[in-house]
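The values are calculated or read from the model by the stated rules, or taken from the named source; none is laboratory data. Please read these numbers as outputs of a predicted model, since none were measured by experiment. Here the Cβ positions follow ideal geometry from the backbone for every residue, glycine too, while neighbour counts run over all protein chains shown.
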Amino acid sequence: MSKQSLKVLFKKKGIKITPQRIAVFEALLNNQNHPRAEDIFEIVEKRFENISKSTVYQILHLLEELGIITRIEIDGVQRYENQLEFHIHIICPKCNEIEDLFSNKIKEFWDLTMEELKIHPINQEIKVYRYCKKCKN
Ligand SMILES: [Zn+2]
Ligand SMILES: [Zn+2]
């Protein structure tokens, strides 16, 4: 989702467009490596010195509720991304590096499986753990 469509959605839902809300969204847009809430806070804090952690967390929660961003949990840590397209997370258990894997083949198979099982997922997360190149040795 672009910044423009975010504004349109906010208007439609009657949500006030504040520079802080836009900044949180932009921080995610510009950091595709599944940042933690704390990372996002640090980015936004550079522009809004007086913003509190809880405000940033509330905005993240709002964006998640609206289905604009998704939250994933890795090693007990909440991370966020604005990639809504179906993908799999390939994770290194040692350094927690996260790679996005997009595969139409897997998506088709997954959708078909859900359909056959009559499951309508409200959220889904597929994780594969493997050691990355750096941690392999
Ligand atoms: Zn690693
Ligand atoms: Zn991802």
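Some observations on this one:
- Of the residues making up region 102-137, those that are under 26 Å from Glu64 (Cβ atoms), away from ligand 2 (no atom under 14 Å from the Cβ), in contact (Cβ under 8 Å) with a residue 12 or more places away in the chain and assigned to a loop (DSSP other than H, G, I, E, B) number 0.
- Residue in region 40-57 that is touching a strand residue (DSSP E or B) at 6+ places or on another chain (Cβ under 9 Å) and modelled with pLDDT of 95 or more present: yes
- Qualifying residue in region 51-64 (condition: more than 15 Å from the chain's Cα centre (by Cα), free of Cβ contacts under 8 Å to residues at least 12 places away in the same chain and surrounded by fewer than 11 Cβ atoms within 10 Å (Cβ to Cβ)): yes
- Test for Thr18: is it surrounded by fewer than 14 Cβ atoms within 10 Å (Cβ to Cβ) and among the hydroxyl-bearing types (Ser, Thr, Tyr): yes
Per-residue answers, yes or no, for (1) polar (S, T, N, Q); (2) more than 14 Å from ligand 2 (Cβ to nearest atom); (3) not in a helix (DSSP H, G or I):
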position	(1), (2), (3)
Glu45	no, yes, no
Glu49	no, yes, yes
His61	no, yes, no
Ile68	no, yes, yes
Arg79	no, no, yes
Glu85	no, no, yes
Lys94	no, yes, yes
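- Candidates Glu38, Glu26, Glu73, Glu99, filtered to the one that is part of a strand (DSSP E or B), under 16 Å from the mean Cα position of the chain (by Cα) and not assigned by TED's automatic domain parsing to the domain that holds Pro121: Glu73
- Annotation note: Cβ proximity below 8 Å between a residue of region 18-38 that is basic (Lys, Arg) and a residue that is outside any helix (DSSP H, G or I) (sequence gap 6+ or interchain) occurs for Arg21/Ile15; Arg36/Val77; Arg36/Gln78; Arg36/Arg79; Arg36/Tyr80.
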